[in-house]
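Participant: Structure incoming, see below.
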Amino acid sequence: MAHCCFCLLFFLIRSLSGTPSSSPAGSRNPRAAAPVAPGEVVETAEGVCRFPGQRLSWWQAQEFCEQRFGHLPLVPPERILAARLRDTVWAAQREADRRRPPQRRVRSAAALVFGERSAERAARLRTALPALAALTACAHVQWDATSSAAAALFSLAAPALPNALQLRAFAEPGGVVRAALVVRGHHAPFRAAFRADGRWHHVCATWEQRGGSWVLFADGRLRAGARGLAAGRPVPPGGVLVLGQDQDSLGGGFSARDAFSGNLTDFHLWARALSPSQLRRAQACAPPPGGLLFRWDPAALDVTPALLPAVRLRLLCPVPSEECPTWNPGTRAEGSEFCLQPRPFLCCYGTETYRQLQAARSWPGQDFIRRVNALANATVLLPDPLSGAHGALSLAEAFSFLGILERVLAEEAAPLGPAALLAVLRFLRRAVALGAGEPEPLLEPWERLGRGVMSVASLILEERSAGAWLAVHKVVGGPMVLVASVQHLAPLLSTVLTPEQPGVHIQHRHAGLEVRSLRLEEAGPRDYVFTMPGGHPEGPGHILIPAGEVRRLCGKGLAGVTMIHSWFTSSILLYTLGESGLERQAPTSTGQASAVQRSQSTQVGSAVISSEVRDAAGEVSTAVTFHLQHQAQASPQRLVEPVCAFWNFSPGQDAGGSWATRGCSVTALYPDSTACFCNHSTSFAVLLQVWDAQRGPEEDSLLRTVSFVGCGVSFCALTTSFLLFLAAGVPTSERTTVHKNLTFSLASAEGFLMASEWAQASQVACVAVTAAMHFLFLVAFSWMLVEGLLLWSKVVAVSMRPGSRMRFYYALGWGAPVLIVAVTLAVSPHDYVAAGHCWLSVHTDAIWAFVGPVLFVLAANTCILVRVVLVTVSSARRRAHTLNPQPCLQQRLQIQIWATVKPVLVLLPVLGLTWVVGTLVHLSPAWAYAAVGLNSIQGPYIFLIYSAYNGEVRSALQRMMGKKAAAEALAVRPGEARGARGPPRPPTLSFQPCCSPSGQGPSPPMGSPLAWAPPRRQVALRGTRGPRIPTAFSSIAEPERPAVELTAFKASGSAGTSKGPSSLGAWTPRLPH
């Protein structure tokens, strides 16, 4: 009954809240399933979405939403909205790599009109071809859809081999054109290439002798491909190429039956197999020059009279057939379709953003809008940012309206209102979107449009508009919306460039743009520098494309590129772009890296400068370096840390994007400027992270001095410990081997740490020292983990299994750090070293290659230490109960406290747990001093506990000194040794203590070897079977002994050592009471 009541209450709540039920009754609710109406606004948990009710291409849909300050949905629509969608809708691109639609180039070319089939129409290449081990042939073709018989688009015949190469095709009426490649008489199957629609299509075929691999491309897409076609044998030399005919003999033997019917232009032939990306460039009228045997030129052909004259036509170079993301409400799955396919879409907003846009109609600035519209006698500026535009905007109207805006903005004395600013920004987006379709090759209009847009952009960046920008910057992304508009505009200006006018330069007070054509073969492999007004090519105010990038562009086969650079500078950038999502990072400069700070803010400290390189096929990413001026250090208590960043355009964000640092790094720091490197091209700036310094320069200098001295003391102690292990002849065991590796690696790491200050002068030395410190500190922490594992195996999980685990320990101690450092250097070679000091960069993920393993080791060793303490306390409690069945409370507390404190004191440094304090240094200077002090005493502590007070080391030293004293005694009495009967005998050593525990008994003279005899209780004579020494920490409860013996770490040579679990084996650190 209770269960039924719960179910009833559940469905009642769901029905009242309007959430559709998954039951059949819920799915039949006509209101919930009603399709979303055009113009309807639906609120969801993620925000607000508006359904315009139009069908547009992906590019047009994105532009439609961005003009209204929205975006396409980045995630699948919420369930309540998805149930009301009937068709597949466009989705936002997760990575912002399609910020602008591709520009289709208009190219004038000569075409051969073959008309109907005839043996009299052919075009022959005058030059014989060489032997071809690989080839690619491409052409723009307009196929006769009524010609259903197979025909040769082109053929290549060689002596004694008429069918050396052919591309044959036929049209299925109302269907597709199927094509096949023929090589050395071997015929590939016919495959569908493109639709038989009578339009121009781009067709490419590639073949390679190796493996006989062939590929058929059409309109930029792979249509077919296989291997095994005439493999192993090249096309013979001396070949004759003929267009439009099949050769039954060398250069002749034409027949109407195999003749091509249609039109052909832009034929190219390469002596290599092009890659898919190179084939798409050929489709975009930018054929790669590498390996090109024939570039389309009718003058290089012997054309039959029936084909003359060639017809000039305007060839609209097709754009690549890109696919854009979609969301299908039927299958509730993401997908992709051709970007130019018309589809419905949604414009989405954040809830708060949408409310601000709705309220914009009542914001200040409406008088400015009415004034501009009155002067233009048209609706130029829309008072409602969410409303639709009144009609299409023509190019002539855009020129006129931009002129009116310039005049009104220049004459306006009052500050610009936020409503007016939104209206101006929306109009600029409409203006630059005029070229998003298929621009005609006009010269003056596009340049005039660009100058008008840049002038208006500069005027609205005046400081008097700062209040309006502050009011709307969370809605439109601040002034970066102007940068996005200029990026849409710049490719239009590239169409006006000619050999007589290779560049366009537009400059205003707060904004500028330069578009320049660069012939790579003429320019050569040199740096390309763009300098801002007032900048210097070798100082602040420039951006540079390195010569290596120019060589890389030449290596890709690019003959010419268009360089696009823009800049924006205004105090408004400082006000509105400071907190746009940049992750906080710690300072890395020399004077700030070791200080403790609290971040106050992040702000744009320089101009915003953009760099873009484009070829005929689209944008080409290049690495750049830039040097920008910014604010200098304000005061010692307010640190300013420059950060190299770029604006990451994100279509799915209301603000239009955010600052990011991925791939960018500081290359040089100056008092009032910073030089940067970025491995890609986009819009850049130098951001300033402002930190509240919690200690001054004097305190910071003191801390650095203390750190250096403490590191030196630790280095000396560790080096002494390592040398003692080697010189004393300590018996080899797992324990001593682990100690040796730990002391050696930690001493080496601290030695490189002290030398890192002197390595900053050389970049190569700094990288080498950083890699060495990274490796050695990882080795040290790995052996600290080995110490913990060995302790666990001796105390907690005692194993009877024979055999050494040193191979595993060596792999963990040395192999794992090698792997980590190698992978880090391979993945982040440019972001490995921090700027200002020789250590890993905290601005990138490289720092986690050290922090991650260290945190793991500290966590593991902490767990091991806790478990060991529990075992110690339990053992001490049992031993105390054995000695005194009814101890008093005070005695029990003393025993348990000492049983807890002793292993912590003994094991803390060797397990590296003193480094845990290093995670707290950002809280206050006191924690910084504590971390430096604890880590400085790690070396001396290891020396005292595991060398100076280690029974095994002391025994080894006593044996070594005893042997030396015995040798000296023999040298003093050589006569007695020679006069003795029989062979010489070594002196008999009495293993008696120098003095009895009670202080009585004679002491041997200082010169006697007996003075160096080790105590009897520390020597186990081979074959002696005496009583065992108690184990498992029980000796902690013996107050009458001169030293506390942690038997879990007994010396391997002591009398109580055994191989069973009752004797836990290995180490004997002794601490005085």
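The values are calculated or read from the model by the stated rules, or taken from the named source; none is laboratory data. Computed from a predicted model, the values in this text were never measured in an experiment. Positions of Cβ are generated from backbone atoms using ideal geometry, with glycine treated the same way; all protein chains shown enter the neighbour counts. Surface accessibility is based on the protein's heavy atoms, side chains included, excluding ligands, DNA and RNA. Shrake-Rupley method; radii C 1.70, N 1.55, O 1.52, S 1.80 Å.
Participant: Using the structure shown, decide if Ser336 is modelled with pLDDT under 90 and under 30 Å from Leu112 (Cβ atoms). Spell out the reasoning first.
Facilitator: Working: modelled with pLDDT under 90: yes; under 30 Å from Leu112 (Cβ atoms): no.
Here the answer is no, as Ser336 does not meet what is asked.
Participant: Restricting the stretch 352-381 to residues that are under 18 Å from Thr44 (Cβ atoms) and open to solvent by 50 Å² or more (accessible area, probe 1.4 Å), which is farthest from the chain's Cα centre (by Cα)?
Facilitator: That would be Gln358.
Participant: Which of the following residues is touching a strand residue (DSSP E or B) at 6+ places or on another chain (Cβ under 7 Å) and among the hydrophobic types (A, V, I, L, M, F, W, C): Val767, Val738?
Facilitator: Values: Val738 fails: touching a strand residue (DSSP E or B) at 6+ places or on another chain (Cβ under 7 Å).
None of the other options fit; the residue is Val767.
Participant: Just for the stretch 623-648: of the residues that are outside any strand (DSSP E or B) and modelled with pLDDT under 90, which one is nearest to the chain's Cα centre (by Cα)?
Facilitator: As a first pass, look at the stretch 623-648 and keep what is outside any strand (DSSP E or B): 623, 630-634, 636-637.
Filter once more, keeping what is modelled with pLDDT under 90: 630-634, 636-637.
Working: His630: 26, Gln631: 29, Ala632: 30, Gln633: 30, Ala634: 33, Pro636: 34, Gln637: 33 Å.
Restricting to residues being outside any strand (DSSP E or B) and modelled with pLDDT under 90, the top hit is His630.
Participant: Still on this structure, please answer the following. For the stretch 215-249, which positions are outside any strand (DSSP E or B) and more than 20 Å from Ala179 (Cβ to Cβ)?
Facilitator: Residues of the stretch 215-249 outside any strand (DSSP E or B): 219-220, 227-234, 236-238, 244-248.
Scanning the stretch 215-249 gives Ala231, Gly232, Arg233, Pro234, Pro236, Pro237, Gly238, Asp248.
Participant: Any idea which of (1) at pLDDT 85 or above; (2) more than 27 Å from the chain's Cα centre (by Cα); (3) open to solvent by 40 Å² or more (accessible area, probe 1.4 Å) is the one Glu522 doesn't satisfy?
Facilitator: Single failed check for Glu522: (1).
Participant: Same structure, new question: Would you mind finding the one in Leu250, Leu241 that is at pLDDT 90 or above and farther than 20 Å from Asp219 by Cα? Break it down stepwise before answering.
Facilitator: Details: Leu250 fails: at pLDDT 90 or above.
Only one candidate qualifies: Leu241.
Listed here are the residues, each with its yes/no results for (1) modelled with pLDDT of 85 or more; (2) exposed (fewer than 15 other Cβ atoms within 10 Å of the Cβ).
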position	(1), (2)
Ser762	no, yes
Cys766	yes, no
Val769	yes, no
His774	yes, no
Ala780	yes, no
Leu785	yes, no
Val796	no, yes
Arg805	no, no
Phe808	yes, yes
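Participant: Let me ask something additional. Out of the residues in the stretch 218-235 meeting the condition of being out of contact with any Phe, Trp or Tyr (no Cβ under 6 Å at 6 or more places or on another chain) and of a type in the set (Gly, Ala, Ser), tell me which one is nearest to His202 (Cα to Cα).
Facilitator: Per the stated criteria, the residue is Gly220.
Participant: OK, next. Contact list please: Cβ distance under 6 Å, first residue in the stretch 268-286 and touching a residue at least 60 places away in the same chain (Cβ under 8 Å) and part of a loop (DSSP other than H, G, I, E, B), second residue of a type in the set (S, T, N, Q) and open to solvent by less than 40 Å² (accessible area, probe 1.4 Å), pairs at least six apart or on different chains.
Facilitator: Ala273/Thr136; Ala273/Thr206; Leu274/Thr136
Participant: Residue check: is Lys963 open to solvent by 80 Å² or more (accessible area, probe 1.4 Å), in a helix (DSSP H, G or I) and at pLDDT 70 or above?
Facilitator: When the stated conditions are applied, Lys963 passes them.
Participant: Sort out which residues of the stretch 298-314 are assigned to a loop (DSSP other than H, G, I, E, B) and open to solvent by 70 Å² or more (accessible area, probe 1.4 Å), and write them in order of number. Please lay out each step first, then the result.
Facilitator: In the first step, residues of the stretch 298-314 are kept if they are assigned to a loop (DSSP other than H, G, I, E, B); the result is 304, 308-310.
Scanning the stretch 298-314 gives Leu308, Pro309.
Participant: Quick one: in the stretch 724-736, which of the residues that are within 17 Å of Arg959 (Cα to Cα) and out of contact with any His (no Cβ under 7 Å at 6 or more places or on another chain) is surrounded by the most Cβ atoms within 10 Å (Cβ to Cβ)? Can you show your working first?
Facilitator: Going residue by residue through the stretch 724-736, those that are within 17 Å of Arg959 (Cα to Cα) are 724-732.
Checking the rest, the ones that are also out of contact with any His (no Cβ under 7 Å at 6 or more places or on another chain) come to 724, 726-732.
Numbers: Leu724: 19, Leu726: 11, Ala727: 11, Ala728: 20, Gly729: 12, Val730: 23, Pro731: 13, Thr732: 10.
Checked the stretch 724-736; the qualifying residue surrounded by the most Cβ atoms within 10 Å (Cβ to Cβ) is Val730.
Participant: All but one of (1) in a loop (DSSP other than H, G, I, E, B); (2) at pLDDT 90 or above hold for Pro385; state the number of the condition that does not hold.
Facilitator: (2)
Participant: Test Thr146 against the criterion of being open to solvent by 30 Å² or more (accessible area, probe 1.4 Å), out of contact with any Cys (no Cβ under 8 Å at 6 or more places or on another chain), of a type in the set (Val, Ile, Thr) and under 18 Å from Gly251 (Cβ atoms), and give yes or no.
Facilitator: Details: open to solvent by 30 Å² or more (accessible area, probe 1.4 Å): yes; out of contact with any Cys (no Cβ under 8 Å at 6 or more places or on another chain): yes; of a type in the set (Val, Ile, Thr): yes; under 18 Å from Gly251 (Cβ atoms): no.
Here the answer is no, as Thr146 does not meet what is asked.
Participant: Something else about it: Which helices (runs of 4 or more DSSP H) sit wholly inside the stretch 1-115 and have at least 2 residues that are modelled with pLDDT under 70 and surrounded by fewer than 11 Cβ atoms within 10 Å (Cβ to Cβ)?
Facilitator: On the way: elements: 2-17, 24-27, 30-33, 58-67, 79-82.
Qualifying helices (runs of 4 or more DSSP H): 2-17, 24-27, 30-33.
Participant: Working only within the stretch 498-553, note down all residues that are of a type in the set (Phe, Trp, Tyr) and in contact (Cβ under 8 Å) with a residue 60 or more places away in the chain.
Facilitator: Hit for the stretch 498-553 is Phe530, nothing else.
Participant: Among residues belonging to the stretch 463-518 that are part of a helix (DSSP H, G or I) and among the basic types (Lys, Arg), point out the one that is most open to solvent (accessible area, probe 1.4 Å).
Facilitator: Keep residues of the stretch 463-518 that are part of a helix (DSSP H, G or I), which gives 463-476, 480-496.
Add one more test, that the residue is among the basic types (Lys, Arg), and what stays is 464, 474.
Values: Arg464: 93, Lys474: 143 Å².
Among them, the one singled out is Lys474.
Participant: For the stretch 846-862, indicate whether the set of residues that are among the hydrophobic types (A, V, I, L, M, F, W, C), outside any helix (DSSP H, G or I) and open to solvent by less than 40 Å² (accessible area, probe 1.4 Å) is non-empty.
Facilitator: Looking for residues that are among the hydrophobic types (A, V, I, L, M, F, W, C), outside any helix (DSSP H, G or I) and open to solvent by less than 40 Å² (accessible area, probe 1.4 Å), one finds none in the stretch 846-862, hence no.
Participant: Might you let me know whether the stretch 725-742 holds any residue that is of a type in the set (A, V, I, L, M, F, W, C) and either assigned to a loop (DSSP other than H, G, I, E, B) or touching a Gly at 6+ places or on another chain (Cβ under 6 Å) (or both)? Let's see the steps before the verdict.
Facilitator: Here is the first cut: in the stretch 725-742, the residues of a type in the set (A, V, I, L, M, F, W, C) are 725-728, 730, 738, 742.
With either assigned to a loop (DSSP other than H, G, I, E, B) or touching a Gly at 6+ places or on another chain (Cβ under 6 Å) (or both) added as a condition, the list becomes 728, 730.
Scanning the stretch 725-742 turns up at least one residue that is of a type in the set (A, V, I, L, M, F, W, C) and either assigned to a loop (DSSP other than H, G, I, E, B) or touching a Gly at 6+ places or on another chain (Cβ under 6 Å) (or both).
Participant: Within the stretch 156-214, considering only strands (runs of 3 or more DSSP E) that don't extend past its boundaries, which have at least 1 residues that are among the basic types (Lys, Arg)? Lay out the reasoning, then the answer.
Facilitator: Details: elements: 161-171, 176-183, 191-195, 200-208.
Filter on the stretch 156-214 gives 161-171, 176-183, 191-195.
Participant: State the number of residues belonging to the stretch 527-570 that are part of a loop (DSSP other than H, G, I, E, B) and open to solvent by less than 50 Å² (accessible area, probe 1.4 Å). Spell out how you get there, then give the answer.
Facilitator: Residues of the stretch 527-570 part of a loop (DSSP other than H, G, I, E, B): 527, 532-541, 546, 556-559, 569-570.
Then drop every residue that is not open to solvent by less than 50 Å² (accessible area, probe 1.4 Å), which leaves 532, 535, 539-541, 546, 557-559, 570.
Number of matching residues: 10.
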